[in-house]
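Engineer: Take a look at this one; I'll ask things after.
The values are calculated or read from the model by the stated rules, or taken from the named source; none is laboratory data. As the structure is a computational prediction, the values presented were derived from the model and not from experiment. Neighbour counts run over all protein chains shown; Cβ positions are idealised from the backbone, glycine included. Surface accessibility is based on the protein's heavy atoms, side chains included, excluding ligands, DNA and RNA. Shrake-Rupley method; radii C 1.70, N 1.55, O 1.52, S 1.80 Å.
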Amino acid sequence: MTCLAAFLSCEDPVTRQDLSRGIKLDPAAYPGDLQSSHQQARRIIMADSERHRRPREPNGETATCHQRRRRRAAGRPNWRIVPCTDDFVVLSDGERNDVEALREDITKALQPLGLRLAEAKTQVVHMAEGFEFLGFRIQWRRKRGTDKWHVHTFIADRPIQQLKDKIRALTNRTLRQNLRNVLVRLNQITRSWANYFKHAVCRATLNSLAHFAWHR
């Protein structure tokens, strides 16, 4: 399975604000100077609705497992877009060149809106290599002792290091702080962090962080 982890870049602050609320198809949701560009981008999408419509809708051509198997047997890629504000991931059963072609289509659709893909962060990788997204590391791994492969979600290295830096700053031994206030703030930080990553494979990571915080 090949995937495209995409991150958008935009110079216009108003457009960035719209993106944070979710991209809307209604041109009235955009400023006047962007409405014509939005309509142009929408025409690009509607001109090839088979490629750009939501593939997992009830009447979509990849809505069922049977349909996806038939497409795969015919050598056609299956794809699904999982958006999150201005970042998104495209997962595909196709080859790398299929995803590269889809990347070009996305670039053309975004251009009239004044948006572009952030080249430094956007990447095309195989799921076995894994990719980082919103603080998680998502990777395809073989289950130990079997020939079955599963998608696992781990916590990326960067948020772990950031949490450790916060704990170090909060528990600096050279500062004279009220112990109660330190413990309350420490609990707030670690609890919210663990709640965000609770769906990841993180038992060993959380145990290690608890050990780290205790010795601080």
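Engineer: Sorted by packing (mean other beta-carbon atoms within 10 Å per residue), highest first, where do 141-150, 99-108, 187-196 land?
Structural biologist: Going by the mean number of other Cβ atoms within 10 Å, highest first, we get 99-108, 187-196, 141-150.
Engineer: At a 1.4 Å probe, what is the % contribution of carbon and sulfur to the accessible area of region 92-216?
Structural biologist: 50 percent
Engineer: Okay, next question. Given the whole protein assembly as supplied and a 1.4 Å probe, what does the accessible area of Phe133 come to in Å², nearest 10?
Structural biologist: Accessible area, nearest 10 Å²: 20 Å².
Engineer: What shape does region 128-197 have by the C-alpha gyration tensor, where a ≥ b ≥ c are the square roots of the eigenvalues, rounded means a/c under 1.5, and otherwise prolate means a/b greater than b/c and oblate the rest?
Structural biologist: Prolate, because a/c is 1.5 or more and a/b exceeds b/c.
Engineer: Right, another one. Count the lysine pairs in region 138-205 that are 8 or more places apart or on different chains: how many have C-alpha atoms under 27 angstrom apart?
Structural biologist: Total qualifying Lys-Lys pairs in region 138-205 comes to 4.
Engineer: Which far-off residues, 5 or more places away or on another chain, put their amide H under 5 Å from the one on Gly130, with H placed in the peptide plane?
Structural biologist: Distant-sequence amide H within range of Gly130: Trp140.
Engineer: Once a ≥ b ≥ c are taken as the square roots of the eigenvalues of the Cα gyration tensor of region 162-216, is the result rounded (a/c under 1.5), prolate (a/b larger than b/c) or oblate (a/b not larger than b/c)?
Structural biologist: On the way: a/c = 2.59, a/b = 1.88, b/c = 1.38.
Judged from the Cα gyration tensor, region 162-216 comes out prolate (a/c at least 1.5, a/b above b/c).
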